[in-house]
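Step one of this worksheet: look at the structure below.
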Amino acid sequence: MTAARLPRLATLAFGFAFLYAPIVLLVIYSFNASKLVTVWAGFSTQWYASLFSNAQLVASAKISLQIAAISACIATFNGTLAAFALERFGAFRTRTLFVGSIYAPLVIPEVILGLSLLLIFVAFGISRGFWTIVAGHATFTMCFAAVVIRARLAGMDRSLEEAAMDLGAGPVTTFLRIVLPQLTPALVSAWMLAFILSLDDLVIASFTSGPGSTTLPMRIYSQVRLGVTPEINAMSSLLLAAVGLALLVSSVLSRKRAS
Amino acid sequence: MRRGALSGGRLWALLVPYGWLALFFLAPLALVAKISLSKSIIAQPPYEPVFNLSDGVGAWLEQAQKFALTAYRGLGDDPLYLESYLSSLAIAGVSTALALVIAYPLALAIARSDPRRRSMLIALAVAPFWTSFLIRVYAWIAILKDEGFLNLALMKIGLIDTPLTIYATNVAVVIGIVYSYLPFVVLPIYNSLEKQDASLREAAADLGAGPLATFWKVTLPLSLPGVIAGALLMFIPAVGEFVIPDLLGGSDTIMIGRTMWNDFFENRDWPAASAGAIVLLALLVGPIVWFERRQSKGQGA
(Lines give C-alpha, C1' and ligand atoms only; values in the text may rest on other atoms or scores of the structure.)
Protein backbone atom coordinates (compact mmCIF):
# COMPACT_ATOMS: atom_id res chain seq x y z
CA MET A 1 0.00 0.00 0.00
CA THR A 2 2.18 2.80 -1.30
CA ALA A 3 -0.67 5.32 -1.25
CA ALA A 4 -0.89 5.10 2.53
CA ARG A 5 2.86 5.33 2.92
CA LEU A 6 3.19 9.10 3.27
CA PRO A 7 0.51 9.64 5.95
CA ARG A 8 1.89 6.65 7.82
CA LEU A 9 5.43 8.03 7.84
CA ALA A 10 4.14 11.48 8.80
CA THR A 11 2.22 9.98 11.74
CA LEU A 12 5.27 8.07 12.87
CA ALA A 13 7.44 11.19 12.59
CA PHE A 14 4.99 13.33 14.54
CA GLY A 15 4.39 10.68 17.20
CA PHE A 16 8.04 10.01 17.86
CA ALA A 17 8.92 13.71 17.77
CA PHE A 18 6.30 14.33 20.46
CA LEU A 19 7.59 11.43 22.55
CA TYR A 20 11.28 12.21 22.25
CA ALA A 21 11.70 15.97 21.71
CA PRO A 22 11.33 16.88 25.40
CA ILE A 23 13.87 14.23 26.40
CA VAL A 24 16.35 15.25 23.70
CA LEU A 25 16.08 18.96 24.61
CA LEU A 26 16.64 18.10 28.26
CA VAL A 27 19.80 16.18 27.49
CA ILE A 28 21.18 18.83 25.09
CA TYR A 29 20.70 21.62 27.60
CA SER A 30 22.40 19.66 30.35
CA PHE A 31 25.60 20.52 28.46
CA ASN A 32 24.78 24.22 28.33
CA ALA A 33 27.39 26.56 29.75
CA SER A 34 24.76 29.08 30.79
CA LYS A 35 22.81 28.89 33.99
CA LEU A 36 19.72 29.77 31.96
CA VAL A 37 18.18 26.58 30.72
CA THR A 38 16.73 27.85 27.44
CA VAL A 39 19.58 30.07 26.23
CA TRP A 40 22.47 28.23 24.64
CA ALA A 41 25.87 29.61 25.64
CA GLY A 42 28.31 26.95 24.55
CA PHE A 43 29.24 23.42 25.49
CA SER A 44 30.20 22.60 29.05
CA THR A 45 30.23 19.65 31.41
CA GLN A 46 30.37 21.78 34.53
CA TRP A 47 26.91 20.70 35.71
CA TYR A 48 27.94 17.07 35.76
CA ALA A 49 30.94 17.97 37.85
CA SER A 50 28.87 19.97 40.31
CA LEU A 51 26.44 17.07 40.51
CA PHE A 52 28.97 14.71 41.99
CA SER A 53 30.09 17.27 44.53
CA ASN A 54 26.49 17.58 45.72
CA ALA A 55 26.71 15.23 48.70
CA GLN A 56 22.96 15.31 49.38
CA LEU A 57 22.08 14.17 45.86
CA VAL A 58 24.65 11.39 45.93
CA ALA A 59 23.37 10.16 49.31
CA SER A 60 19.78 10.18 48.07
CA ALA A 61 20.76 8.30 44.94
CA LYS A 62 22.36 5.61 47.10
CA ILE A 63 19.23 5.29 49.27
CA SER A 64 17.02 5.08 46.18
CA LEU A 65 19.14 2.37 44.57
CA GLN A 66 19.13 0.29 47.76
CA ILE A 67 15.38 0.62 48.21
CA ALA A 68 14.77 -0.23 44.55
CA ALA A 69 17.01 -3.33 44.68
CA ILE A 70 15.50 -4.75 47.88
CA SER A 71 11.88 -3.97 47.04
CA ALA A 72 12.29 -5.40 43.52
CA CYS A 73 13.49 -8.72 45.00
CA ILE A 74 10.50 -8.89 47.36
CA ALA A 75 8.15 -7.88 44.55
CA THR A 76 9.50 -10.51 42.16
CA PHE A 77 9.21 -13.24 44.81
CA ASN A 78 5.67 -12.27 45.82
CA GLY A 79 4.71 -11.58 42.21
CA THR A 80 5.84 -15.04 41.10
CA LEU A 81 3.75 -16.76 43.77
CA ALA A 82 0.79 -14.53 42.97
CA ALA A 83 1.14 -15.27 39.24
CA PHE A 84 1.05 -19.01 39.92
CA ALA A 85 -1.98 -18.58 42.17
CA LEU A 86 -3.78 -16.61 39.45
CA GLU A 87 -2.83 -18.86 36.55
CA ARG A 88 -2.55 -22.36 37.97
CA PHE A 89 -4.55 -22.74 41.18
CA GLY A 90 -8.02 -22.67 39.63
CA ALA A 91 -10.84 -21.54 41.88
CA PHE A 92 -10.33 -20.95 45.59
CA ARG A 93 -12.29 -19.08 48.19
CA THR A 94 -11.91 -15.26 48.08
CA ARG A 95 -10.20 -15.52 44.69
CA THR A 96 -12.09 -12.42 43.54
CA LEU A 97 -10.65 -10.40 46.42
CA PHE A 98 -7.18 -11.70 45.57
CA VAL A 99 -7.52 -10.86 41.87
CA GLY A 100 -8.79 -7.42 42.84
CA SER A 101 -5.84 -6.80 45.17
CA ILE A 102 -3.44 -7.65 42.35
CA TYR A 103 -5.05 -5.56 39.62
CA ALA A 104 -6.38 -2.56 41.57
CA PRO A 105 -2.97 -1.18 42.64
CA LEU A 106 -1.96 -0.99 38.95
CA VAL A 107 -4.38 1.86 38.42
CA ILE A 108 -5.39 3.28 41.82
CA PRO A 109 -3.95 6.81 42.18
CA GLU A 110 -0.69 6.69 44.08
CA VAL A 111 -1.89 9.37 46.47
CA ILE A 112 -4.44 6.91 47.87
CA LEU A 113 -1.89 4.11 48.23
CA GLY A 114 0.62 6.41 49.91
CA LEU A 115 -1.88 7.95 52.28
CA SER A 116 -3.26 4.57 53.36
CA LEU A 117 0.23 3.19 53.98
CA LEU A 118 1.20 6.21 56.05
CA LEU A 119 -1.91 5.83 58.18
CA ILE A 120 -1.28 2.16 58.88
CA PHE A 121 2.34 2.80 59.86
CA VAL A 122 1.23 5.56 62.22
CA ALA A 123 -1.58 3.43 63.66
CA PHE A 124 0.82 0.64 64.57
CA GLY A 125 3.49 3.00 65.85
CA ILE A 126 6.04 1.99 63.21
CA SER A 127 8.55 4.79 62.75
CA ARG A 128 8.85 5.69 59.10
CA GLY A 129 12.09 5.44 57.17
CA PHE A 130 14.01 3.19 54.83
CA TRP A 131 12.07 -0.02 55.50
CA THR A 132 8.62 1.51 55.31
CA ILE A 133 9.48 2.82 51.83
CA VAL A 134 10.71 -0.66 50.89
CA ALA A 135 7.41 -2.16 52.07
CA GLY A 136 5.36 0.43 50.20
CA HIS A 137 7.30 -0.01 46.98
CA ALA A 138 7.33 -3.81 47.20
CA THR A 139 3.54 -3.72 47.54
CA PHE A 140 2.64 -1.80 44.41
CA THR A 141 5.48 -3.20 42.28
CA MET A 142 4.59 -6.83 43.13
CA CYS A 143 1.33 -6.30 41.25
CA PHE A 144 3.20 -5.23 38.11
CA ALA A 145 5.57 -8.18 38.56
CA ALA A 146 2.62 -10.58 38.92
CA VAL A 147 1.07 -9.34 35.66
CA VAL A 148 4.34 -9.73 33.72
CA ILE A 149 5.02 -13.23 35.09
CA ARG A 150 1.42 -14.34 34.66
CA ALA A 151 1.50 -13.42 30.97
CA ARG A 152 4.56 -15.64 30.51
CA LEU A 153 3.01 -18.49 32.50
CA ALA A 154 -0.12 -18.36 30.37
CA GLY A 155 1.94 -18.72 27.21
CA MET A 156 4.00 -21.63 28.50
CA ASP A 157 3.64 -25.12 27.07
CA ARG A 158 2.49 -27.34 29.92
CA SER A 159 3.18 -30.57 28.08
CA LEU A 160 6.85 -30.26 29.02
CA GLU A 161 5.95 -30.25 32.69
CA GLU A 162 3.58 -33.14 32.24
CA ALA A 163 6.28 -35.09 30.42
CA ALA A 164 8.73 -34.47 33.27
CA MET A 165 6.16 -35.62 35.83
CA ASP A 166 5.38 -38.71 33.75
CA LEU A 167 9.06 -39.52 33.69
CA GLY A 168 9.06 -39.50 37.48
CA ALA A 169 10.23 -35.98 38.38
CA GLY A 170 8.67 -34.65 41.56
CA PRO A 171 6.98 -31.23 41.67
CA VAL A 172 10.10 -29.54 43.07
CA THR A 173 12.40 -31.03 40.43
CA THR A 174 9.90 -30.17 37.71
CA PHE A 175 9.69 -26.61 38.95
CA LEU A 176 13.45 -26.13 39.20
CA ARG A 177 14.43 -27.86 35.96
CA ILE A 178 11.48 -27.23 33.64
CA VAL A 179 9.40 -24.27 34.82
CA LEU A 180 12.07 -21.96 36.21
CA PRO A 181 14.34 -21.93 33.13
CA GLN A 182 11.36 -21.05 30.93
CA LEU A 183 10.26 -18.38 33.36
CA THR A 184 13.65 -16.67 33.75
CA PRO A 185 13.18 -13.97 31.07
CA ALA A 186 9.87 -12.96 32.67
CA LEU A 187 11.46 -12.93 36.13
CA VAL A 188 14.24 -10.66 34.86
CA SER A 189 11.84 -8.22 33.22
CA ALA A 190 9.56 -8.27 36.28
CA TRP A 191 12.53 -7.45 38.51
CA MET A 192 13.66 -4.67 36.20
CA LEU A 193 10.17 -3.20 36.00
CA ALA A 194 9.83 -3.27 39.80
CA PHE A 195 13.30 -1.75 40.20
CA ILE A 196 12.58 1.11 37.81
CA LEU A 197 9.12 1.83 39.22
CA SER A 198 10.61 2.02 42.72
CA LEU A 199 13.50 4.20 41.58
CA ASP A 200 11.06 6.62 39.97
CA ASP A 201 8.37 6.81 42.64
CA LEU A 202 7.85 10.15 44.34
CA VAL A 203 4.36 9.98 45.84
CA ILE A 204 4.45 6.73 47.82
CA ALA A 205 7.99 7.47 49.01
CA SER A 206 6.94 10.92 50.25
CA PHE A 207 4.17 9.43 52.37
CA THR A 208 6.20 6.55 53.78
CA SER A 209 9.60 8.16 54.32
CA GLY A 210 10.98 9.53 57.53
CA PRO A 211 13.92 11.71 58.52
CA GLY A 212 17.16 10.52 56.94
CA SER A 213 15.51 8.55 54.16
CA THR A 214 15.02 11.13 51.43
CA THR A 215 14.97 9.35 48.09
CA LEU A 216 16.33 10.73 44.83
CA PRO A 217 12.92 11.64 43.34
CA MET A 218 12.04 13.45 46.58
CA ARG A 219 15.29 15.41 46.35
CA ILE A 220 14.78 16.18 42.65
CA TYR A 221 11.19 17.19 43.27
CA SER A 222 12.07 19.69 45.99
CA GLN A 223 14.70 21.23 43.71
CA VAL A 224 12.42 21.28 40.67
CA ARG A 225 9.82 23.22 42.64
CA LEU A 226 12.37 26.00 42.98
CA GLY A 227 12.90 26.15 39.24
CA VAL A 228 14.61 24.58 36.27
CA THR A 229 18.36 24.27 36.68
CA PRO A 230 21.04 22.76 34.42
CA GLU A 231 22.17 20.63 37.34
CA ILE A 232 18.84 18.78 37.40
CA ASN A 233 19.12 18.42 33.62
CA ALA A 234 22.49 16.76 34.15
CA MET A 235 21.11 14.48 36.87
CA SER A 236 18.16 13.56 34.64
CA SER A 237 20.41 12.85 31.67
CA LEU A 238 22.46 10.43 33.74
CA LEU A 239 19.31 8.61 34.86
CA LEU A 240 18.04 8.49 31.27
CA ALA A 241 21.38 7.11 30.11
CA ALA A 242 21.28 4.41 32.80
CA VAL A 243 17.76 3.33 31.88
CA GLY A 244 18.56 3.45 28.16
CA LEU A 245 21.62 1.25 28.70
CA ALA A 246 19.59 -1.24 30.75
CA LEU A 247 16.92 -1.42 28.03
CA LEU A 248 19.55 -1.91 25.34
CA VAL A 249 21.28 -4.71 27.28
CA SER A 250 18.01 -6.49 28.00
CA SER A 251 16.84 -6.29 24.38
CA VAL A 252 20.19 -7.61 23.14
CA LEU A 253 20.05 -10.43 25.70
CA SER A 254 16.50 -11.42 24.78
CA ARG A 255 17.37 -11.37 21.07
CA LYS A 256 20.34 -13.65 21.75
CA ARG A 257 18.12 -16.01 23.69
CA ALA A 258 15.54 -16.06 20.92
CA SER A 259 18.01 -16.94 18.19
CA MET B 1 -9.96 -30.59 43.07
CA ARG B 2 -12.75 -29.46 45.35
CA ARG B 3 -13.52 -25.79 44.95
CA GLY B 4 -11.96 -23.75 47.71
CA ALA B 5 -9.52 -26.38 48.87
CA LEU B 6 -5.85 -26.05 48.03
CA SER B 7 -3.13 -28.58 48.78
CA GLY B 8 -0.51 -27.73 51.41
CA GLY B 9 2.17 -26.37 49.08
CA ARG B 10 -0.25 -24.30 47.06
CA LEU B 11 -1.87 -22.93 50.19
CA TRP B 12 1.47 -21.55 51.38
CA ALA B 13 2.31 -20.24 47.92
CA LEU B 14 -0.95 -18.30 48.00
CA LEU B 15 -0.76 -17.17 51.61
CA VAL B 16 2.54 -15.34 51.25
CA PRO B 17 1.49 -12.82 48.55
CA TYR B 18 -2.06 -12.73 49.88
CA GLY B 19 -0.84 -11.97 53.39
CA TRP B 20 1.47 -9.25 52.07
CA LEU B 21 -1.36 -7.58 50.17
CA ALA B 22 -3.70 -7.91 53.15
CA LEU B 23 -1.14 -6.21 55.37
CA PHE B 24 0.02 -3.45 53.03
CA PHE B 25 -2.94 -2.88 50.74
CA LEU B 26 -6.27 -4.10 52.13
CA ALA B 27 -5.72 -3.23 55.81
CA PRO B 28 -4.45 0.30 54.99
CA LEU B 29 -7.50 0.95 52.80
CA ALA B 30 -9.79 -0.22 55.60
CA LEU B 31 -7.95 2.10 57.97
CA VAL B 32 -8.44 5.07 55.64
CA ALA B 33 -12.16 4.33 55.64
CA LYS B 34 -12.08 4.25 59.42
CA ILE B 35 -10.13 7.47 59.89
CA SER B 36 -12.33 9.27 57.40
CA LEU B 37 -15.05 8.84 60.02
CA SER B 38 -13.09 10.40 62.88
CA LYS B 39 -12.96 13.96 64.10
CA SER B 40 -10.12 16.19 63.11
CA ILE B 41 -7.71 17.09 65.85
CA ILE B 42 -4.55 18.95 65.10
CA ALA B 43 -2.20 16.76 67.09
CA GLN B 44 0.20 13.92 66.51
CA PRO B 45 -1.27 11.83 64.94
CA PRO B 46 -3.73 14.43 63.79
CA TYR B 47 -6.91 12.51 64.23
CA GLU B 48 -8.97 11.34 67.18
CA PRO B 49 -9.59 7.63 66.95
CA VAL B 50 -13.29 6.98 66.61
CA PHE B 51 -12.87 3.52 67.99
CA ASN B 52 -10.20 1.04 68.86
CA LEU B 53 -9.32 -1.91 66.71
CA SER B 54 -10.57 -4.17 69.51
CA ASP B 55 -14.06 -2.68 69.56
CA GLY B 56 -15.47 -4.98 66.94
CA VAL B 57 -17.98 -4.38 64.23
CA GLY B 58 -20.94 -3.46 66.45
CA ALA B 59 -19.08 -0.63 68.10
CA TRP B 60 -17.83 0.44 64.69
CA LEU B 61 -21.32 0.89 63.32
CA GLU B 62 -22.54 2.61 66.46
CA GLN B 63 -19.67 5.05 66.44
CA ALA B 64 -19.95 5.64 62.74
CA GLN B 65 -23.54 6.69 63.20
CA LYS B 66 -22.75 8.85 66.21
CA PHE B 67 -20.11 10.85 64.45
CA ALA B 68 -22.35 11.05 61.48
CA LEU B 69 -19.61 11.36 58.94
CA THR B 70 -18.18 14.67 60.12
CA ALA B 71 -15.37 14.61 57.62
CA TYR B 72 -17.67 13.68 54.74
CA ARG B 73 -20.06 16.46 55.68
CA GLY B 74 -17.02 18.72 55.67
CA LEU B 75 -16.34 17.60 52.13
CA GLY B 76 -19.85 18.51 51.13
CA ASP B 77 -19.55 21.92 52.73
CA ASP B 78 -16.12 22.55 51.32
CA PRO B 79 -16.46 23.77 47.73
CA LEU B 80 -12.75 23.05 47.27
CA TYR B 81 -13.31 19.29 47.33
CA LEU B 82 -16.32 19.33 45.05
CA GLU B 83 -14.44 21.56 42.64
CA SER B 84 -11.40 19.29 42.87
CA TYR B 85 -13.37 16.19 41.93
CA LEU B 86 -15.11 17.89 39.03
CA SER B 87 -12.02 19.49 37.59
CA SER B 88 -9.98 16.27 38.07
CA LEU B 89 -12.58 14.29 36.14
CA ALA B 90 -12.70 16.99 33.45
CA ILE B 91 -8.92 17.28 33.08
CA ALA B 92 -8.43 13.50 33.07
CA GLY B 93 -11.30 13.08 30.59
CA VAL B 94 -10.03 15.71 28.15
CA SER B 95 -6.49 14.33 28.43
CA THR B 96 -7.64 10.76 27.78
CA ALA B 97 -9.63 11.82 24.72
CA LEU B 98 -6.65 13.76 23.36
CA ALA B 99 -4.30 10.87 24.07
CA LEU B 100 -6.56 8.50 22.14
CA VAL B 101 -6.56 10.91 19.19
CA ILE B 102 -2.75 10.90 19.17
CA ALA B 103 -2.20 7.26 20.18
CA TYR B 104 -4.58 5.59 17.74
CA PRO B 105 -2.98 6.83 14.49
CA LEU B 106 0.45 6.15 15.95
CA ALA B 107 -0.48 2.59 16.96
CA LEU B 108 -2.09 2.05 13.54
CA ALA B 109 0.98 3.39 11.73
CA ILE B 110 3.21 1.05 13.72
CA ALA B 111 0.91 -1.93 13.20
CA ARG B 112 0.90 -1.34 9.42
CA SER B 113 4.66 -0.96 9.19
CA ASP B 114 7.06 -3.51 7.80
CA PRO B 115 6.80 -6.56 10.12
CA ARG B 116 10.56 -6.55 10.56
CA ARG B 117 10.48 -3.03 11.98
CA ARG B 118 7.27 -3.31 14.00
CA SER B 119 8.69 -4.68 17.23
CA MET B 120 11.45 -2.09 17.23
CA LEU B 121 8.98 0.76 16.63
CA ILE B 122 6.59 -0.31 19.38
CA ALA B 123 9.54 -0.77 21.76
CA LEU B 124 10.59 2.80 20.93
CA ALA B 125 7.07 4.10 21.56
CA VAL B 126 6.91 2.41 24.95
CA ALA B 127 10.51 3.13 26.00
CA PRO B 128 9.73 6.55 27.55
CA PHE B 129 7.56 4.74 30.09
CA TRP B 130 10.72 3.15 31.46
CA THR B 131 12.34 6.51 32.05
CA SER B 132 11.57 8.67 35.02
CA PHE B 133 8.08 10.08 35.13
CA LEU B 134 9.23 13.03 37.23
CA ILE B 135 11.97 13.91 34.75
CA ARG B 136 9.65 13.70 31.76
CA VAL B 137 7.22 16.10 33.43
CA TYR B 138 10.09 18.37 34.42
CA ALA B 139 11.28 18.49 30.80
CA TRP B 140 8.02 20.20 29.82
CA ILE B 141 8.60 23.17 32.13
CA ALA B 142 11.47 24.38 29.94
CA ILE B 143 9.33 23.90 26.83
CA LEU B 144 6.13 25.58 27.99
CA LYS B 145 7.46 28.52 30.01
CA ASP B 146 6.86 32.05 28.70
CA GLU B 147 10.50 32.22 27.56
CA GLY B 148 10.55 28.45 26.82
CA PHE B 149 11.37 26.52 23.67
CA LEU B 150 7.83 26.46 22.30
CA ASN B 151 7.34 30.22 22.51
CA LEU B 152 10.83 30.88 21.16
CA ALA B 153 10.14 28.64 18.18
CA LEU B 154 6.70 30.10 17.48
CA MET B 155 8.00 33.66 17.68
CA LYS B 156 10.94 32.86 15.43
CA ILE B 157 8.70 31.59 12.64
CA GLY B 158 6.46 34.59 13.17
CA LEU B 159 3.29 32.82 14.21
CA ILE B 160 2.99 34.90 17.38
CA ASP B 161 4.38 38.22 18.59
CA THR B 162 3.93 37.87 22.31
CA PRO B 163 4.61 34.65 24.20
CA LEU B 164 1.66 32.39 24.91
CA THR B 165 0.98 31.72 28.57
CA ILE B 166 0.76 27.94 28.77
CA TYR B 167 2.95 27.04 31.72
CA ALA B 168 1.07 27.16 35.05
CA THR B 169 -2.32 26.71 33.40
CA ASN B 170 -4.64 23.74 32.96
CA VAL B 171 -3.53 23.50 29.31
CA ALA B 172 -0.01 22.66 30.50
CA VAL B 173 -1.45 20.04 32.86
CA VAL B 174 -3.37 18.40 30.00
CA ILE B 175 -0.25 18.39 27.79
CA GLY B 176 1.77 16.87 30.64
CA ILE B 177 -0.80 14.14 31.31
CA VAL B 178 -1.18 13.25 27.61
CA TYR B 179 2.58 13.07 27.21
CA SER B 180 3.23 11.02 30.36
CA TYR B 181 0.50 8.45 29.79
CA LEU B 182 0.79 8.11 26.00
CA PRO B 183 2.79 4.84 26.08
CA PHE B 184 0.05 3.27 28.26
CA VAL B 185 -2.49 4.04 25.55
CA VAL B 186 -0.40 3.16 22.50
CA LEU B 187 0.56 -0.33 23.69
CA PRO B 188 -2.91 -1.92 24.20
CA ILE B 189 -4.24 -0.34 20.98
CA TYR B 190 -1.23 -1.63 19.07
CA ASN B 191 -1.70 -5.11 20.56
CA SER B 192 -5.30 -5.32 19.41
CA LEU B 193 -4.50 -3.89 15.95
CA GLU B 194 -1.55 -6.18 15.43
CA LYS B 195 -3.64 -9.26 16.21
CA GLN B 196 -6.15 -8.37 13.51
CA ASP B 197 -6.28 -10.63 10.53
CA ALA B 198 -5.37 -8.67 7.37
CA SER B 199 -7.64 -10.95 5.31
CA LEU B 200 -10.66 -9.31 6.99
CA ARG B 201 -9.65 -5.98 5.49
CA GLU B 202 -9.03 -7.60 2.12
CA ALA B 203 -12.45 -9.21 2.25
CA ALA B 204 -14.05 -5.84 2.99
CA ALA B 205 -12.16 -4.29 0.06
CA ASP B 206 -13.19 -7.15 -2.23
CA LEU B 207 -16.78 -6.55 -1.26
CA GLY B 208 -16.43 -2.97 -2.44
CA ALA B 209 -15.72 -1.05 0.78
CA GLY B 210 -13.36 1.90 0.41
CA PRO B 211 -10.43 2.38 2.81
CA LEU B 212 -12.50 4.69 5.03
CA ALA B 213 -15.48 2.35 5.22
CA THR B 214 -13.15 -0.56 5.94
CA PHE B 215 -11.62 1.40 8.79
CA TRP B 216 -14.99 2.34 10.36
CA LYS B 217 -16.64 -1.02 9.85
CA VAL B 218 -13.75 -3.45 10.42
CA THR B 219 -10.55 -2.05 11.89
CA LEU B 220 -11.97 0.30 14.51
CA PRO B 221 -14.65 -2.00 15.98
CA LEU B 222 -12.16 -4.87 16.24
CA SER B 223 -9.66 -2.67 18.08
CA LEU B 224 -12.16 -1.32 20.62
CA PRO B 225 -11.00 -3.65 23.43
CA GLY B 226 -7.52 -2.15 23.11
CA VAL B 227 -8.93 1.39 23.01
CA ILE B 228 -10.96 0.78 26.19
CA ALA B 229 -8.04 -0.86 28.00
CA GLY B 230 -5.76 2.03 27.09
CA ALA B 231 -8.31 4.65 28.08
CA LEU B 232 -8.94 3.03 31.49
CA LEU B 233 -5.25 2.48 32.11
CA MET B 234 -4.74 6.20 31.65
CA PHE B 235 -7.95 7.76 32.96
CA ILE B 236 -8.05 6.11 36.39
CA PRO B 237 -4.60 7.13 37.63
CA ALA B 238 -4.80 10.49 35.84
CA VAL B 239 -7.82 11.53 37.95
CA GLY B 240 -5.71 11.26 41.10
CA GLU B 241 -2.54 12.64 39.55
CA PHE B 242 -0.42 14.79 41.85
CA VAL B 243 2.98 15.42 40.26
CA ILE B 244 1.75 16.83 36.94
CA PRO B 245 -0.73 19.43 38.29
CA ASP B 246 1.79 20.39 40.94
CA LEU B 247 4.70 20.98 38.56
CA LEU B 248 2.92 22.22 35.42
CA GLY B 249 -0.30 23.68 36.81
CA GLY B 250 -0.88 27.10 38.31
CA SER B 251 -2.16 27.94 41.76
CA ASP B 252 -5.67 27.81 40.30
CA THR B 253 -5.19 24.28 38.97
CA ILE B 254 -7.21 22.23 41.38
CA MET B 255 -7.00 18.49 41.18
CA ILE B 256 -8.04 16.08 43.88
CA GLY B 257 -4.62 14.47 44.28
CA ARG B 258 -3.12 17.87 44.96
CA THR B 259 -5.92 18.94 47.32
CA MET B 260 -5.51 15.76 49.35
CA TRP B 261 -1.75 16.17 49.43
CA ASN B 262 -2.11 19.72 50.75
CA ASP B 263 -4.68 18.69 53.35
CA PHE B 264 -2.35 15.98 54.45
CA PHE B 265 1.04 17.64 54.52
CA GLU B 266 0.18 21.31 54.95
CA ASN B 267 -3.18 21.57 56.73
CA ARG B 268 -2.58 18.29 58.54
CA ASP B 269 -6.27 17.51 58.34
CA TRP B 270 -5.99 13.74 58.08
CA PRO B 271 -9.68 12.87 58.34
CA ALA B 272 -10.56 15.28 55.54
CA ALA B 273 -7.81 13.85 53.31
CA SER B 274 -8.94 10.31 54.17
CA ALA B 275 -12.56 11.09 53.39
CA GLY B 276 -11.32 12.66 50.15
CA ALA B 277 -9.46 9.45 49.32
CA ILE B 278 -12.50 7.28 50.02
CA VAL B 279 -14.76 9.43 47.85
CA LEU B 280 -12.16 9.37 45.06
CA LEU B 281 -11.98 5.59 45.35
CA ALA B 282 -15.78 5.40 45.22
CA LEU B 283 -15.78 7.55 42.07
CA LEU B 284 -13.22 5.29 40.45
CA VAL B 285 -14.51 1.94 41.68
CA GLY B 286 -16.67 1.44 38.58
CA PRO B 287 -13.82 1.96 36.10
CA ILE B 288 -11.44 -0.05 38.33
CA VAL B 289 -13.77 -3.08 38.47
CA TRP B 290 -14.28 -2.82 34.73
CA PHE B 291 -10.53 -2.74 34.20
CA GLU B 292 -10.01 -5.77 36.47
CA ARG B 293 -12.67 -7.80 34.70
CA ARG B 294 -11.07 -7.10 31.35
CA GLN B 295 -7.59 -7.86 32.60
CA SER B 296 -8.37 -11.07 34.47
CA LYS B 297 -10.56 -12.37 31.66
CA GLY B 298 -8.75 -11.15 28.58
CA GLN B 299 -5.31 -11.74 30.07
CA GLY B 300 -4.00 -9.02 27.78
CA ALA B 301 -1.60 -6.97 29.84
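The values are calculated or read from the model by the stated rules, or taken from the named source; none is laboratory data. It should be emphasised that the depicted structure is a prediction, and the values quoted were computed from it without experimental measurement. Here the Cβ is made from the backbone with ideal geometry for all residues, glycine too, and neighbour counts use every protein chain on show.
Overview of values
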{"quantity": "Counted residues, the range B:127-143 - those being among the β-branched types (Val, Ile, Thr) and under 17 Å from the mean Cα position of the chain (by Cα)", "calculated": "1"}
{"quantity": "Any hit, the range A:231-251, residues being within 12 Å of chain B (Cβ to nearest Cβ), assigned to a helix (DSSP H, G or I), under 14 Å from the mean Cα position of the chain (by Cα) and at pLDDT 90 or above", "calculated": "no"}
{"quantity": "Any hit, the range B:169-176, residues being more than 11 Å from chain A (Cβ to nearest Cβ), over 25 Å from residue A:30 (Cβ atoms) and not aliphatic (A, V, I, L, M)", "calculated": "yes"}
{"quantity": "So residue A:200, is it free of Cβ contacts under 8 Å to residues at least 60 places away in the same chain and within 9 Å of another protein chain (Cβ to nearest Cβ)", "calculated": "yes"}
{"quantity": "Condition met for residue A:43 (of a type in the set (A, V, I, L, M, F, W, C), free of Cβ contacts under 8 Å to residues at least 40 places away in the same chain and at the interface with chain B (Cβ under 9 Å from one of its Cβ atoms))", "calculated": "no"}
{"quantity": "Selection within the range B:225-270 - touching a strand residue (DSSP E or B) at 6+ places or on another chain (Cβ under 7 Å) and either facing chain A (nearest Cβ under 9 Å) or at pLDDT 90 or above (or both)", "calculated": "B:270"}
{"quantity": "Matching residues in the range A:84-109 - criterion: being facing chain B (nearest Cβ under 7 Å) and not in a loop (DSSP other than H, G, I, E, B)", "calculated": "A:84, A:85, A:98, A:99, A:100, A:101, A:103, A:104, A:105, A:107"}
{"quantity": "Helices (runs of 4 or more DSSP H) wholly inside the range B:193-263 containing at least 2 residues that are out of contact with any Lys or Arg (no Cβ under 8 Å at 6 or more places or on another chain), touching a residue at least 40 places away in the same chain (Cβ under 8 Å) and under 30 Å from residue B:284 (Cα atoms)", "calculated": "B:220-239, B:243-248"}
{"quantity": "Test for residue A:228: is it at the interface with chain B (Cβ under 10 Å from one of its Cβ atoms), outside any helix (DSSP H, G or I) and buried (at least 19 other Cβ atoms within 10 Å of the Cβ)", "calculated": "yes"}
{"quantity": "The range A:107-133 residues that are closer than 23 Å to residue A:212 by Cβ, paired with ones that are crowded, with 24+ Cβ neighbours inside 10 Å and among the acidic types (Asp, Glu) (beta carbon under 8 Å, 6 or more apart)", "calculated": "A:110/A:201"}
{"quantity": "Near pairs, Cβ below 6 angstrom, 6+ apart or cross-chain, from the range B:7-29 (within 7 Å of another protein chain (Cβ to nearest Cβ)) to any residue that is of a type in the set (Lys, Arg)", "calculated": "none"}
{"quantity": "Helices (runs of 4 or more DSSP H) (entirely within the range A:115-201) containing at least 3 residues that are of a type in the set (Ser, Thr, Tyr) and over 12 Å from the mean Cα position of the chain (by Cα)", "calculated": "none"}
{"quantity": "In the range B:130-162, residue farthest from the other protein chains (Cβ to nearest Cβ) [restricted to those that are touching a residue at least 12 places away in the same chain (Cβ under 8 Å) and assigned to a loop (DSSP other than H, G, I, E, B)]", "calculated": "B:146"}
{"quantity": "Any hit, the range A:61-80, residues being under 13 Å from residue A:234 (Cα atoms), aromatic (Phe, Trp, Tyr) and not assigned by TED's automatic domain parsing to the domain that holds residue A:244", "calculated": "no"}
